[in-house]
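Beneath this line is the structure, given in structure tokens, with notes to follow.
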Amino acid sequence: MSKNNKPVRVAVNVMRARLTVIGFNIAIVSFQIAQLGKSTGGLRVPGIGHTVHVVADLQLFMALGLSLLALPAFIMSSELDEVGTCTHWSLVAGDLLMYMALAHTVAGFFGPLAITIETVGGNLPQKASEINILESGAIVVGGTAWFLAIYAGPVVSLLRSPFGRPTNIALGSAYLLVLILFCWLTSQTVRVESAVPGDEPGVILGVLRELVQPLRW
């Protein structure tokens, strides 16, 4: 973490690049939410004409919400002058929200994808080995992206942050608390979508499992 005591002045283009990423993420999430009802698996709920993917729905809507939170965080970090230099710690907060949103987007894509590939494999037993390779490859790629977004990205942002150590520690602590909260929420939706009632892990075990979520896919 930075120990520089000079006034923080980050180029506005740094913030603009992140706004571009957030914009793409919102577009991708919006498309996937509309298409999710066509995916295999999920719950059949009376009165709803498509299957409900409780876990993936939560993750995609959380990704959308986190992206919308990151937008004002980034914008608030910029000075209202002719240059627009970013001088406020909300720039790093926006970074953390952006990475968490990206991780939820990855989970909302690759979780249902793994289920779909597994279903295809069950219907094509003669191609089981090839489909297992395909499923493993998708999980490895998606899992790597998830770990980079949820852990590596925030760590790099905090280590490179130009703001003071107390600010960075506070932001990192807040990120961990939010991450644990979201892992708890995801574990609850996994219990709702579980095919075998009573076979779900306990609260603590469920949260720990969601901290390494790709292993569940």
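Just so you know, all these numbers are worked out from the coordinates, no wet-lab data involved. Keep in mind that what you see is a predicted model, and the values were worked out from it rather than measured. All Cβ positions, even for glycine, are placed from backbone atoms using ideal geometry, and neighbour counts span all protein chains on display.
Structure above, values below:
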| quantity | calculated |
| --- | --- |
| Region 93-207: relative contact order in percent, alpha carbon pairs under 8 Å with at least 6 residues between | 27 percent |
| Angle in degrees between helix 54-76 and the longest Cα principal axis of the chain, rounded to the nearest 10 | 10 degrees |
| Prolate/oblate/rounded call for region 12-215, Cα gyration tensor, a/c under 1.5 rounded | prolate |
| The chain: relative contact order in percent, alpha carbon pairs under 8 Å with at least 6 residues between | 26 percent |
| Label-point gap, in nm, between V178 and I33 - each point 7 angstrom along Cα→Cβ | 1.8 nm |
| Over 15 Å [Cα-Cα, region 145-217], rounded percent | 61 percent |
